[in-house]
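Enquirer: Pasting in a structure now, in structure tokens, and then I'll have a few things to ask.
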Amino acid sequence: MKNSIQVLLSSLLVFVIVGCGGSHIIVGNARPPTKASDVKIYSTPPANYEEIAIVEGSSKGTFATTNQQKTNQALEFIKEEAAKVGANGVLLSGYGDLSSGAGAVVTPKNSTVGVLVVGSHVSLQGKAIFVSP
């Protein structure tokens with residue numbers, strides 16, 4: 001019984017780690033990394049900026065429960081991705097509130113343990129940019 005609980009918890013941890021976060025695709029010149037806390041979010045283009053990357057952040061796999069918490073989590077991930085490529089801003093281009101489901105079946109020593117996680121998550125897309133002073 002102890003082994004099946006350990007396997008179940010390990011599987012859930014892997015799902016949570018793999019299922020959340022952000023990503024980026026470089027489309028310009030990357031700069032030295034910045035701090036995510038210094039990255040500003042823009043809904044309209046600022047006057048002078050340079051595109052660095054396309055970034056995405058998702059609350060999928062996090063423990064956020066309200067739409068605002070999910071949006072905040074996705075924003076943090078998108079800012080972290082932008083900071084990795086040296087951006088000081090993100091020009092948002094897409095927002096999604098998506099339903100998701102995932103399942104995993106673990107079979108330790110002749111027993112079957114099923115895990116089903118169903119819910120929704122927020123996904124954000126944008127351009128990581130460097131805004132000139």
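The values are calculated or read from the model by the stated rules, or taken from the named source; none is laboratory data. For clarity, every value in this text was computed on a predicted model and none was experimentally measured. Here Cβ is always computed from backbone atoms with ideal geometry, including for glycine, and neighbour counts include all displayed protein chains.
Enquirer: Mind checking which residues of region 91-121 are exposed (fewer than 14 other Cβ atoms within 10 Å of the Cβ), modelled with pLDDT under 70, within 26 Å of His24 (Cα to Cα) and among the small types (Gly, Ala, Ser)?
Expert: Once the filter is applied, which keeps residues that are exposed (fewer than 14 other Cβ atoms within 10 Å of the Cβ), modelled with pLDDT under 70, within 26 Å of His24 (Cα to Cα) and among the small types (Gly, Ala, Ser), region 91-121 yields Gly96, Ser99, Gly101.
Enquirer: So in region 48-90, with the set limited to residues that are among the aromatic types (Phe, Trp, Tyr) and either closer than 14 Å to Phe130 by Cβ or assigned to a loop (DSSP other than H, G, I, E, B) (or both), which one is modelled with the lowest pLDDT?
Expert: Looking at residues that are among the aromatic types (Phe, Trp, Tyr) and either closer than 14 Å to Phe130 by Cβ or assigned to a loop (DSSP other than H, G, I, E, B) (or both), I get Phe63.
Enquirer: Continuing with this model, one more query. Residues of region 55-89 being more than 13 Å from Ser123 (Cβ to Cβ) and surrounded by fewer than 22 Cβ atoms within 10 Å (Cβ to Cβ), which ones?
Expert: Selection gives Phe63, Thr65, Thr66, Gln68, Gln69, Asn72, Glu76, Glu80, Ala83, Lys84, Gly86, Asn88.
Enquirer: Quick check on Pro45: is it exposed (fewer than 12 other Cβ atoms within 10 Å of the Cβ) and either at pLDDT 85 or above or under 15 Å from Phe130 (Cβ atoms) (or both)?
Expert: No: the conditions fail for Pro45.
Enquirer: Determine, yes or no, whether Leu124 is surrounded by 15 or more Cβ atoms within 10 Å (Cβ to Cβ), in a strand (DSSP E or B) and modelled with pLDDT of 90 or more.
Expert: For Leu124, the condition - surrounded by 15 or more Cβ atoms within 10 Å (Cβ to Cβ), in a strand (DSSP E or B) and modelled with pLDDT of 90 or more - is not met.
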